[in-house]
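All remarks here apply to the structure that follows.
Each reported figure results from applying straightforward, stated rules to the coordinates on display, with no laboratory input. Source: prediction; values computed, not measured. All Cβ positions, even for glycine, are placed from backbone atoms using ideal geometry, and neighbour counts span all protein chains on display.
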Amino acid sequence: MQKCNKCKLPFKWSKIYNSVMWFYKPIQCEKCGADYKIYFPSRLIGAFFVLPIPIFGLILSPFDNELINILTGICISFTGSLLITFLVKYKNVNT
């Protein structure tokens, strides 16, 4: 989990998750008030983990049933969205 560069307070998982799910909204440190924006490469990582529904469910189609393909894609996307908080990196806006 990433920490604030100034006060070394770790960001909460829920704060990062909400930032990612609301289209990479900037976050603010709760202790010192420093503002952070997500790195652009982290946005690509986010897209890779959250958008496999059309790729897996429609293109790869490992199952004969389309409903199972879509549900599998949704499960993979949900799991990816939970793990993404550990992979994205933020940079301080004020530096």
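Charges at C-beta only: +1 for Lys and Arg, -1 for Asp and Glu. How large is the resulting dipole of the chain about its Cα centre, in Debye rounded to 20?
800 debye
What's log10 of I(q)/I(0) for the chain at q = 0.14, 0.15, 0.16 Å⁻¹, Debye sum over Cα points only, no solvent?
With one equal scatterer per Cα and no solvent, log10 I(q)/I(0) is -0.56, -0.61, -0.66.
Given the options Ile16, Ile27, Ile68, state which has the largest fluctuation in a GNM of the chain using a 10 Å cut-off (strictly under) for Cα springs.
Greatest mean-square fluctuation among the candidates belongs to Ile68.
Return one number: the angle in degrees, 0 to 90 and rounded to the nearest 10, between the long axis of the Cα atoms of helix 40-50 and the longest principal axis of the Cα atoms of the chain.
40 degrees
In deg cm²/dmol and to the nearest 500, what is the mean residue ellipticity at 222 nm of the chain if only DSSP H runs of at least 4 residues count, each as -39500 (n - 2.57), divided by the residue total?
That comes out to -12500 deg cm²/dmol.
Distance in nm between label sites at Leu44 and Leu82, each 7 Å beyond Cα in the beta-carbon direction?
2.8 nm
Counting other beta carbons within 10 Å of each Cβ, put Ser19, Ser77 in order, fewest first.
Exposure proxy ranking, most exposed first: Ser77, Ser19.
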